[in-house]
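So the structure is just underneath, and the comments pick up after that.
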Amino acid sequence: MIGNATFRHDNTALLAVTSVEAPVVVSSADFDQRLAPSLKRLRLSKRLLERVAGVSERRWWSPGTGFDDAAIEAGAKALAESGIEPGQIGLLINTSVTRRNLEPSVAVKIHHSLGLPSSAMNFDLANACLGFVNGITLAANMIDSGQIKYALIVAGEDAQGTQEATFARLNHPDSTRDDYLREFATLTLGSGAAAAVIGPADLHPGSHRILGGVSRAGTQHHELCVGGVDGMYTDTKGLLDGGLELVVDAWNEAHTDGWNWASMDRYVTHQVSTSYTNAIIKAVNLARERVPITFPHWGNVGPASLPMTLAQEAQTLAQGDRVLCMGVGSGLNTTMMEIAW
């Protein structure tokens with residue numbers, strides 16, 4: 001294949017990755033209670049979220065806390081952990097799906113609140129659940145080129161508003177079983193935030209090298225999952241089938257181009273559901289015990305889910321471990337990125 005489907009980074013490292021958990025735990029049993037009228041009327045069983053998706057709970061923010069406030073908190077934690085001062089940051093990328101308005105960017109508030117310098121570029125990068133990984137790739141290319149020295153990538157997500165609107169629609173007397181199935185994935189979403197600082201590897205001996213990876217697009221599937229402020233509508237089976245095909249193609253292409261990911265120490269995947277995770281493990285023959293699972297307690301936290309999981313795993317990773325980040329986003333797009341811990 002011609003083009004830029006595979007890529008390598010020369011001198012970029014992950015200096016810190018952090019997460020912020022939303023404090024309000026909302027169980028799937030609570031959701032069943034909220035949806036009791038429609039479940040009874042449509043003759044749908046309870047506990048579908050747990051039995052089908054494997055999501056037993058997710059989190060919401062406390063009243064008064066915004067998704068961007070959480071992204072700011074995660075960014076401040078990442079800066080502190082990395083030892084990089086705000087004035088050294090040359091690029092801020094916000095990858096949140098959640099937003100209150102079309103303009104200005106979410107990034108501007110985060111830039112201001114963190115005290116980043118006027119010289120630091122800042123913008124939003126939107127690519128559904130793949131945005132955070134895309135942000136790392138873009139920033140790594142700018143570091144490798146010498147345009148910037150340090151970058152901060154953030155994501156903050158808030159699922160509550162979308163889920164509240166979904167409850168209202170599904171409890172309407174005119175809602176159908178098809179409506180419930182099309183909006184089922186919305187009920188698996190969760191709130192949370194994550195941030196990462198990356199910089200030149202040669203200035204940080206012992207840091208986690210970002211080696212590169214592969215990206216592929218399957219945009220013929222762009223209508224399978226469509227989300228807005230008030231809701232998300234998903235063809236679950238079509239999304240799974242299309243996503244699997246795309247992941248397998250990307251995996252095979254990467255191996256053809258010299259990558260070898262058959263025996264990584266950890267596979268950090270985008271967190272969606274039991275069926276999705278099982279299908280990915282089977283499709284490319286991953287070692288199940290090396291695939292950490294966080295969706296049962298966090299739900300699908302959009303682009304923050306993969307870095308939140310990576311931040312959790314960082315506590316048990318040892319120097320020299322090989323980590324493969326595997327992201328998929330609605331559209332469809334996929335990226336796999338190797339990190340030498």
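Taking P(r) over Cα pairs in 10 Å bins from 0, in percent as the quantity of interest, determine which of [x] 5, 19, 22, 16, 12, 10, 7, 5, 3, 1, 0; [y] 6, 27, 35, 23, 8, 2, 0; [z] 5, 20, 21, 17, 17, 12, 6, 2, 1, 0 was computed from the displayed structure.
Calculated P(r) over Cα pairs in 10 Å bins from 0, in percent: the matching label is [y].
Rank these residues by their accessible area, most exposed first, probe 1.4 Å: VAL108, VAL154.
Details: VAL108 60, VAL154 0 Å².
Most to least solvent-accessible, the answer reads VAL108, VAL154.
Heads up, I need the accessible area for ASP257: 1.4 angstrom probe, whole protein in place, Å², nearest 10.
Approximately 70 Å² of ASP257 is accessible to the 1.4 Å probe.
Need one number: % antiparallel among DSSP beta bridges in the chain, to the nearest 5. Before the final figure, lay out the partial values.
On the way: 44 of 59 bridges.
Counting DSSP beta bridges with both partners in the chain, the antiparallel share is about 75 percent.
In Å², and per residue, what accessible area does the chain have when probed at 1.4 Å with the other protein chains present? Walk me through the intermediate numbers first.
On the way: 14420 Å² over 341 residues.
I get 42 Å² per residue for this part.
Which one of THR274, THR65, THR316 has the biggest mean-square fluctuation once the chain is modelled by GNM with Cα springs under 10 Å?
THR316
Build a GNM of the chain with springs between Cα atoms under 10 Å: which of ALA74, ALA287, ALA193 gets the top mean-square fluctuation?
Checking each option, the largest mean-square fluctuation is seen for ALA287.
Cross-link candidates for LYS282: which lysines have Cα within less than 28 Å, leaving aside residues fewer than 8 places away along the same chain?
Of all the lysines, those that pass the test against LYS282 - Cα under 28 Å, at least 8 places apart if same chain - are LYS237.
So which GluC sites (Glu not before Pro) in the stretch 242-341 are both in a DSSP loop and have at most 11 other Cβ atoms within 10 Å of their Cβ? Display every interim value, and only then the final one.
Details: sites: GLU245, GLU253, GLU289, GLU313, GLU338; in loops: none.
Sparse-neighbourhood loop GluC sites (Glu not before Pro): none present.
Would you work out the relative contact order for the chain, in percent, from Cα pairs under 8 angstrom that are 6 or more residues apart? Working shown, then result.
Details: 744 pairs, mean separation 89.7, N = 341.
Computed value for the chain: 26 percent relative contact order.
Can you list the lysines whose alpha carbon is less than 23 Å from that of LYS77, not counting same-chain residues fewer than 8 positions off?
Hits, sequence-local ones excluded: LYS109, LYS149.
So for MET121, MET232, what's the accessible-area order with a 1.4 Å probe, most first? Write down the numbers at each step before the final one.
Numbers: MET121 70, MET232 35 Å².
From most accessible down to least: MET121, MET232.
Between SER28, SER118, SER305, which gets the highest mean-square fluctuation from a Gaussian network model of the chain, Cα cutoff 10 Å?
Comparing SER28, SER118, SER305 in the GNM, the peak value goes to SER118.
Once you have a ≥ b ≥ c as the square roots of the Cα gyration tensor eigenvalues for the stretch 69-176, tell me rounded if a/c is under 1.5, and otherwise prolate or oblate according to whether a/b is larger than b/c. Spell out each step's value before the answer.
Working: a/c = 2.83, a/b = 2.28, b/c = 1.24.
It is prolate, given that a/c is not under 1.5 and a/b is the larger ratio.
Roughly to the nearest percent, how much of the accessible area of the chain is carbon and sulfur, given a 1.4 Å probe? Don't jump to the answer; show the numbers that get you there.
Working: 7520 of 14420 Å².
Carbon-and-sulfur percentage of accessible area, whole number: 52.
Determine the shape class of the stretch 248-341: with a ≥ b ≥ c the square roots of the Cα gyration tensor eigenvalues, call it rounded for a/c under 1.5, and otherwise prolate if a/b is greater than b/c, oblate otherwise.
On the way: a/c = 1.56, a/b = 1.10, b/c = 1.42.
Oblate is the answer for the stretch 248-341, as a/c is 1.5 or above yet b/c matches or exceeds a/b.
The values are calculated or read from the model by the stated rules, or taken from the named source; none is laboratory data. These numbers were taken from a predicted model, which means no experiment stands behind them. Cβ atoms come from the backbone with ideal geometry, glycine included; neighbour counts cover every protein chain shown. Note: accessible area is taken over every heavy atom of the protein model, side chains too, but ligands, DNA and RNA are not part of it. Shrake-Rupley method; radii C 1.70, N 1.55, O 1.52, S 1.80 Å.
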